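Before anything else, here's the structure in question.
Just so it is clear, none of the values below were taken in a lab; they were calculated from the coordinates. Just so you know, these numbers come straight off a predicted model, no measurement behind them. Glycine also receives a Cβ, built like all others from the backbone with ideal geometry; neighbour counts cover every protein chain displayed.
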Amino acid sequence: MSNRVSATSEFPLVAPGSNLGMLGGGQLGRMFASVARQFGYGIQVFGDHPDSPAGQLGDRSWATSFDDVPQLKQFGQRVAVVTYEQENIPVATVKTLEEFVPVRPCSELLRASQHRLLEKSTLRSIGIPTADFLAIRSLSELQQGLSQFDGKAILKTVTMGYDGKGQARLNAGTDLSAVWNQFNVPEAILEREISFAHEISVVAARFRDGRVVAYQPTLNHHVNHILDVSISPAPQISTAIAKQATDIAASILEHFDAIGVLCVEFFLTTSETLLVNEIAPRPHNSGHLTIDACGSSQFEQQLRAVCGMPSGDVQQTQPAVMINLLGDHLVSVTADRWHKVFSDPNVRVHLYGKSEARTGRKMGHLTVLGRTAEMAEQHARRARDFLMGRMGADGKNGS
């Protein structure tokens with residue numbers, strides 16, 4: 001956590017009663033809109049339909065594309081400040097809006113976060129460690145790069161990849177020609193494969209006076225490249241590593257002079273070294289447990305920051321675990337199972353209002369608070385297993 005004040009310009013408070021703009025209509029926008037409503041703000045959603053997760057809570061949905069300049073201009077004139085809930089917003093969209101209304105975080109942080117080569121090059125330039133990487137623009141460069149990385153690497157698209165999409169693990173036996181043809185892109189990034197002990201993340205917010213306030217790191221477990229479980233406090237993470245991780249998040253926000261929320265995802269290597277994997281200039285799936293475990297959630301921090309308010313209280317009241325609910329988890333869930341889970345005082349249910357449950361699609365999450373992180377994780381897994389029919393109400397394996 002950092003209290004260092006930069007040259008960030010002061011800007012006036014966006015008072016309750018104002019209309020806020022949200023780019024994107026997904027679940028992160030929905031949870032932001034819920035907090036905005038609580039604080040007395042209006043919310044307008046751009047780039048999605050009225051029945052989107054965020055649109056269901058908004059005053060108006062602008063169901064048009066992000067490159068619709070006339071509509072962007074009208075939108076920018078009807079809201080007091082704009083923020084976003086995903087990093088695949090075109091930078092040109094933000095640049096257009098900035099002519100009419102403040103957009104937070106800034107377009108340069110957005111630009112860096114959505115291009116993996118720019119992201120890692122920028123981080124390296126300010127002394128932040130990442131995995132070794134190479135720009136790949138041809139099959140021959142891919143072949144040379146894999147050899148340079150001792151035959152073990154990850155090839156990724158430079159844009160639009162998430163939840164494991166747009167990447168391939170390579171080794172000495174991989175048919176590189178087939179992989180490169182399948183990618184069919186002019187440019188990619190090759191990253192040295194990392195031997196890591198844990199994946200952790202830090203969510204931090206930077207405010208108009210330059211102050212950065214971070215949550216303690218979460219320990220993350222993935223299944224099929226999709227976040228499955230987040231645990232806080234992060235077991236097996238030392239105080240020194242936690243401080244280093246939060247200091248890195250603060251350094252990134254300060255470098256970009258950004259106002260708003262940032263999530264930094266890390267690998268903690270087997271030699272106890274932190275490497276930044278990705279940055280996301282918005283709230284993050286791993287920070288959802290802050291809704292129930294902290295005085296001020298990551299979405300309240302986003303609201304406070306972009307509206308010029310001071311930080312809320314991010315201290316965690318007790319250990320907490322977030323477990324995702326994907327479409328494949330909810331295929332056969334029944335009303336009586338929902339009733340049982342909703343009756344559990346230790347389980348908080350969050351559903352995103354999505355009408356179609358698809359395999360791998362994030363439909364909601366459960367948060368469980370407990371005396372220890374281990375107890376909370378066990379409880380969360382049992383609750384999800386029960387919803388899926390894998391466990392009976394007596395806690396034993398279901399049919």
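Can you compute the modelled spin-label distance between Ala240 and Asp209, with each label point 7 Å from Cα toward Cβ, in nm?
Reported label-point gap for Ala240 and Asp209 is 3.3 nm.
Something else: Rounded to the nearest 20 Debye, what is the dipole magnitude of segment 132-192 about its Cα centre when Lys and Arg each give +1 and Asp and Glu each give -1 at the C-beta?
My answer is approximately 80 debye.
What is the gain in length, in nm to one decimal, between Lys152 and Asp344 on full extension, counting 0.36 nm per residue of separation less the C-alpha to C-alpha distance? Mind dumping the intermediate values first?
Values: separation 192, 0.36 × 192 = 69.12 nm, distance 4.58 nm.
The Lys152-Asp344 span can extend by a further 64.5 nm.
DSSP loop (so not H, G, I, E, B), at most 11 other Cβ within 10 Å: list which chymotrypsin sites (Phe, Trp or Tyr not before Pro) in segment 93-165 pass both filters.
On the way: sites: Phe100, Phe133, Phe149, Tyr162; in loops: Phe100, Phe149, Tyr162.
In loop regions of segment 93-165 (DSSP not H, G, I, E or B), there are no sparsely surrounded chymotrypsin sites (Phe, Trp or Tyr not before Pro).
A further question follows. Taking segment 258-347, which GluC sites (Glu not before Pro) meet the DSSP loop condition and have no more than 12 other C-beta atoms within 10 Å?
Glu272
Ranked by Cβ crowding within 10 angstrom, fewest neighbours first, how are Leu117, Leu155 ordered?
Leu117, Leu155
Less than 12 Å Cβ to Cβ from Ala92, Lys/Arg counted +1 and Asp/Glu -1: what total charge do the surrounding residues give?
Around Ala92, the charge tally is -2.
Based on the Cβ-Cβ distance of Arg358 and Lys95, what FRET efficiency does E = 1/(1 + (r/R0)^6) give at R0 = 30 Å, to the nearest 0.05?
0.35
If you average 1/r across every pair of different Cα atoms in segment 3-84 and take the reciprocal, what Kirkwood value do you get, in Å? If you can, show how the numbers build up before the last one.
Details: mean 1/r = 0.0760 Å⁻¹.
The answer is 13.2 Å.
Taking a spot 7 Å from the Cα of Leu118 along the direction of its beta carbon, which residues of segment 266-289 have an amide N less than 11 Å from it?
Counting only backbone N, you get no residues.
Follow-up question, since we're still on this one. Given a Förster distance of 56 angstrom, what is the FRET efficiency for Arg78 paired with Gln143, based on the Cβ-Cβ distance and rounded to 0.05?
Details: r = 53 Å, r/R0 = 0.95.
E(calc), rounded to 0.05, equals 0.60.
Next up: Quick check: the distance between the Cα centres of segment 73-145 and segment 274-337, to the nearest angstrom?
Using only Cα atoms to place each centre, the spacing works out to 22 Å.
Residue separation times 0.36 nm, minus the C-alpha to C-alpha distance between Ser18 and Thr317: what's the value?
Result: 104.5 nm gained on full extension.
Fewest Cβ neighbours within 10 Å first, please rank Glu199, Glu85 accordingly.
Fewest to most other Cβ atoms nearby, the residues stand as Glu199, Glu85.
Related question: Under a 10 Å cutoff between Cα atoms, tell me which one of Ala168, Ala249, Ala205 has the largest fluctuation in the Gaussian network model of the chain.
Result for the chain, Cα springs under 10 Å: Ala168 fluctuates most.
Ok, one more. Using a Cα-Cα cut-off of under 17 Å, which aspartates and glutamates could be cross-linked to Lys95, ignoring same-chain neighbours fewer than 8 residues away?
Reachable aspartates and glutamates: Asp67, Asp68, Glu85, Glu87, Glu108, Asp257.
Tally Lys and Arg at +1 and Asp and Glu at -1 over the other residues with C-beta under 11 Å from the C-beta of Gly327: what net charge comes out?
Result for the local shell: +2.
With a sphere of radius 12 Å drawn around the Cβ of Ala376, what net charge do the other residues whose Cβ falls strictly inside it have (Lys, Arg +1; Asp, Glu -1)?
+1
With a cut-off of 8 Å between alpha carbons and a minimum separation of six or more residues, what is the relative contact order of segment 132-192 in percent? Let's see the in-between values first.
Working: 91 pairs, mean separation 31.6, N = 61.
RCO, segment 132-192: 52 percent.
If you don't mind, another one. Treating cross-link reach as a plain straight distance, find the aspartates and glutamates whose alpha-carbon is under 17 Å from the alpha-carbon of Lys73, omitting any fewer than eight places away in the same chain.
Asp48, Glu98, Glu99
Can you give the calculated 222 nm mean residue ellipticity of the chain, where each DSSP H run of n ≥ 4 adds -39,500 (n - 2.57) and the sum is split over every residue, rounded to the nearest 500 deg cm²/dmol?
Calculated mean residue ellipticity at 222 nm is -8500 deg cm²/dmol.
Note the listed values (1) 27, 58, 16, 0; (2) 25, 55, 19, 1; (3) 24, 43, 26, 7, 1, 0, then indicate which one is P(r) over Cα pairs in 20 Å bins from 0, in percent calculated from this particular structure.
Here P(r) over Cα pairs in 20 Å bins from 0, in percent agrees with entry (1).
I'd like to know which of Ser113, Gln144, Phe100 lies farthest towards the positive end of the charge dipole of segment 97-152, counting +1 on Cβ of Lys and Arg and -1 on Cβ of Asp and Glu.
Value computed over the given set: Gln144.
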